[in-house]
Structure formats: structure tokens, C-alpha cells
Amino acid sequence: TFPRLPAGAVGGAIAATRRRVCGIFGLQLSVLWQWAVASPRYLTITHLYRPLGGPPLPERIDSEEMYPWSRLEVLAGREVCFSSTRELPPEAAQDRAAQEHFGVRSWVTFPLTTGGGPTLGAVSFADMLEERAWPETTRRRLRLVAEIFAAALDRKRADQELREGEARLQLAAEAAG
């Protein structure tokens, strides 16, 4: 249904889909982050599913400070997947500390990209109860969800840009007329 959704309905569809996906895979956290347009080092949480609660998540995150290693991986178009925080490389010490602070035991993060364009953000799925393996079949299914979200968000952004352009054109026509 995502391709036929009006731009204004994309957010609700993403929220509902993440809830269902987490239920199917037995996950307790899903976060969709988008890069702040004005300052790309900052990520804004636009969609959060976390039924168990936990420490409050900031709405806006300085990704260079909180997740410096993961940020570089995502910007390079690579997924970040770990069964345990112990598996993270030494250069990801800050990322490990952040995940442990929020109670994340195991997670996978996918970059949100469309057709070779810039990375729009990332979507993460996590287990907060136990460490878990992320078999390729599970990652492939979650990656498809991430691709659908990226396409919907890209289309929504394009629709907003088109509407803003039309509004500017209308103002210019009124001023000239």
C-alpha cells in the first residue's frame, strides 16, 4: 500500500508497519532516524516503537558524539548488525556505551537510501531482552522494510518540495500580476 499512500499518510503507515514487524520478529525497539537537513550531523527521531519503555531518548541526537562509528557505517551505505554489544570493534566504544545506556542487547540498523541518492537516515530494529543472532533471511526481510520506508519518505519529501515550489510560483505570479 505504500506506493499509493498520500504523502500525509506515510508517517502513520510507517508507525503501524514497524509495530507489526517488531511483533512478528519478537523485537522491543524500532527507531527511524532522519538526518536534519540544515545540520547533517544531527539525527531526528521521527518514528519510535518501544513498548517496554526505558531511558528517555532525545528527539535530536548528535550522531558524531553518540554513535560516531555507526554513523560512518550508515553514511557509507552499510548496515550495522550485532548480536551483542561485545561484538563491536574497539573503535565503536562510544556506540557500545550508548546502546548499553538505552538497554539495547542486540540490533541491526539499515541506511535509508533510494537509487544511489544521499542517505536520508536509518532505521534500527533491536532486542532489549536478550542477545540474538540475525540470520540472513531475517536481515533480508528487515532490509526490504527499510527500502520501502526509504522510498516512501523520499516520495513524501519530493511531494513537499513540489508543493513548496508551487506555492513560491503562485506568490511570484501574484506579485507580478
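The values are calculated or read from the model by the stated rules, or taken from the named source; none is laboratory data. Only a predicted model underlies this, so the values are computations on that prediction, with no experimental measurement involved. Cβ coordinates were reconstructed from backbone atoms using ideal geometry, including for glycine residues, and neighbour counts include every protein chain displayed. The area values use the complete protein model at the heavy-atom level, side chains included, leaving out ligands, DNA and RNA. Shrake-Rupley method; radii C 1.70, N 1.55, O 1.52, S 1.80 Å.
Once you have the alpha carbon radius of gyration of the stretch 123-177, what is it after dividing by 2.2 N^0.38 Å, with N set to its residue count?
Cα-based Rg divided by the globular estimate yields 2.05.
Please return the longest range in the chain lying between exposed loop sites, taking GluC sites (Glu not before Pro), DSSP loop only, at most 11 other beta-carbon atoms within 10 Å, and leaving the sites out.
60-129
Relative contact order of the stretch 74-177: what whole-number percent is it, with Cα pairs under 8 angstrom and at least 6 residues apart?
Averaging sequence separation for qualifying contacts and normalising by length gives 25 percent for the stretch 74-177.
Strictly greater than 23 Å: what percent of every Cα pair in the chain meets that?
The calculated P(r) of the chain puts 42 percent of pairs beyond 23 Å.
How large is the charge dipole for the stretch 72-125, taken about the Cα centre, if only the Cβ atoms of Lys, Arg (+1) and Asp, Glu (-1) carry charge, to the nearest 20 debye?
Here the stretch 72-125 has a charge dipole of around 100 debye.
Dipole of the chain, Cα-centred, from +1 at each Lys and Arg C-beta and -1 at each Asp and Glu C-beta, to the nearest 20 debye?
The calculated dipole for the chain is roughly 580 debye.
Along the positive direction of the dipole of the chain (beta-carbon charges: Lys, Arg +1; Asp, Glu -1; about the Cα centre), which of 119, 138, 70 reaches farthest?
138
Please report the carbon-and-sulfur percent of the accessible area for the chain; probe 1.4 Å, protein heavy atoms only, DNA, RNA and ligands left out.
56
Compute the FRET efficiency between residue 15 and residue 162 as 1/(1 + (r/R0)^6), taking r as their Cβ-Cβ distance and R0 = 22 Å, and round to the nearest 0.05.
0.35
Please calculate the 1.4 Å probe accessible area of residue 24, with all protein chains present, and give it to the nearest 10 Å².
Accessible surface of residue 24 is approximately 130 Å².
Return one whole number: the accessible area per residue of the stretch 50-177 in Å², for a 1.4 Å probe.
56
Round to the nearest 10 and report in Å² the accessible area of residue 70, as given by a 1.4 Å probe over the protein chains' heavy atoms.
Rounded to the nearest 10, that gives 20 Å².
At 10 °C and a viscosity of 1.306 mPa s, what translational diffusion coefficient does Stokes-Einstein give for the stretch 83-168, taking Rh as the Kirkwood radius over Cα pairs? Give it in µm²/s as a whole number.
After rounding, the answer is 106 µm²/s.
As a test of the formula, what do you get for the chain when each DSSP H run with n ≥ 4 contributes -39,500 (n - 2.57) and the sum is divided by the residue count, at 222 nm and rounded to the nearest 500 deg cm²/dmol?
-14500 deg cm²/dmol, from helical runs alone.
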